[in-house]
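What follows is a set of notes on a single structure, which appears directly below.
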Amino acid sequence: MSGRAQPSRRFERQVRFAPLGPDGQARLEEARVLLVGCGALGGILAQTLTRSGVGLLVLVDRDIVEESNLPRQVLFEDRHARSGTLKVEAAHQTLERIGGPTRFECHAEHLDPDNVGELAEDCDLILDGTDNLGTRYLLNDYCVERGVPWIYGGVVGSGGLALPILPGIGPCLRCLFPEPPPTGSLPTCDTAGVLLPAVAAVASLQAGHAVRLLARDPAEAPAPPAPLVEIDIWSGEARSLRVARHAACPCCVERDFPHLHEAPGRRATILCGRNAVQVRGRKPAPDLGRVALALEGVADSLRFAGPILRFTVGEITLTLFRDGRALVEGTDEIDRALALYDRYVGS
């Protein structure tokens with residue numbers, strides 16, 4: 001073996017898997033991974049990589065835990081939903097109890113062009129645990145521009161897809177889907193539902209690719225890109241498809257990165273399966289204490305707990321974060337959500 005320390009007995013079973021071995025395990029324990037999203041896919045990915053011994057896991061999620069998350073998001077419990085805990089905080093609590101060498105950085109933020117470079121700094125791999133196409137196209141632009149591998153995963157209903165994207169070696173996301181499809185043209189977890197076994201199957205594929213990539217000896221020639229895998233746990237069917245780089249891909253061939261270098265864009269995003277809209281506040285972020293005081297006597301109910309201010313007006317619940325973001329629940333209309341934000345938080 002090289003000059004690295006021998007892995008502990010904790011990992012002796014996986015070290016016995018010859019393609020990994022002691023050297024591969026040592027590389028895992030030195031790896032830095034950015035995981036975007038700590039919910040359904042992200043929870044299984046985080047747990048698997050922590051138990052595998054990845055050195056640093058950077059967790060990014062913008063959301064709070066809700067009761068409807070519990071059937072498929074394995075890092076969360078009733079107590080997290082009752083208290084509206086930040087997903088990154090709840091995930092960190094659960095993952096810390098596993099023990100082992102993994103360290104964690106937690107960021108309760110919305111990933112956007114302004115912060116992706118800072119959050120992904122020095123990471124060896126980025127994992128997609130998100131639930132929206134906009135973030136995936138941003139990750140694709142960033143990773144192709146910087147040459148960082150990332151692993152796409154998506155689930156809806158009883159099936160899903162997984163594809164490792166290796167810039168300069170294989171296809172990128174825009175080789176498959178050059179442009180995001182029109183809003184409402186694809187099924188979502190809101191319209192088609194989603195099952196935990198489907199989430200687990202796709203996340204396991206992603207995690208397997210992650211361990212293989214992180215454990216690979218950098219002196220060896222890279223393996224051919226893995227295929228796109230589609231799996232359906234209800235029918236029991238699976239298929240794989242070798243995807244080639246598109247000769248006229250606007251991203252990995254033409255080097256056009258509009259999702260990364262876009263001008264400040266829309267302030268709001270409809271959230272999958274939530275009857276909710278996320279609003280990105282303008283800078284500087286509001287003072288939560290002052291907002292809470294101003295809402296006394298206005299809000300039907302109000303809870304202010306450190307990094308979160310949560311209040312209800314009529315059928316609308318608004319959760320405001322320290323960075324100025326807000327979740328507006330009770331509507332999927334962007335214009336209405338923006339109007340409510342501006343009315344109760346300020347424009």
Flag for Pro222 being assigned to a loop (DSSP other than H, G, I, E, B), in contact (Cβ under 8 Å) with a residue 12 or more places away in the chain, of a type outside the set (Ser, Thr, Tyr) and under 20 Å from Gly21 (Cα atoms): yes
Single match in Val65, Val60 (criterion: more than 24 Å from Pro197 (Cβ to Cβ), free of Cβ contacts under 8 Å to residues at least 60 places away in the same chain and out of contact with any Pro (no Cβ under 9 Å at 6 or more places or on another chain)): Val60
Failed condition for Ser240, given (1) without any contact (Cβ under 8 Å) to a residue 60 or more places away in the chain; (2) part of a helix (DSSP H, G or I): (2)
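The rows are residues; the columns are (1) within 30 Å of Gly157 (Cα to Cα); (2) modelled with pLDDT under 90; (3) in contact with a helix residue (DSSP H, G or I) (Cβ under 7 Å, 6 or more places away or on another chain).
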| position | (1), (2), (3) |
| --- | --- |
| Arg239 | yes, no, no |
| Cys252 | no, no, yes |
| Asp256 | no, no, no |
| His261 | no, yes, no |
| Thr269 | yes, yes, yes |
| Gly273 | yes, yes, yes |
| Gly281 | no, yes, no |
Segments classed as strands (runs of 3 or more DSSP E), wholly inside the stretch 268-329, with at least 3 members that are surrounded by 15 or more Cβ atoms within 10 Å (Cβ to Cβ): 268-271, 276-279, 308-313, 316-321, 326-329
Only listed residue being in contact (Cβ under 8 Å) with a residue 60 or more places away in the chain and either farther than 30 Å from Leu166 by Cα or in the same structural domain as Leu133 (by TED's automatic domain parsing) (or both), chosen from Val313, Val279, Val298: Val279
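The values are calculated or read from the model by the stated rules, or taken from the named source; none is laboratory data. All figures in this text were calculated on a predicted structure; none of them were measured in a lab. Every residue, glycine among them, receives a Cβ derived from its backbone with ideal geometry; neighbour counts consider all protein chains shown.
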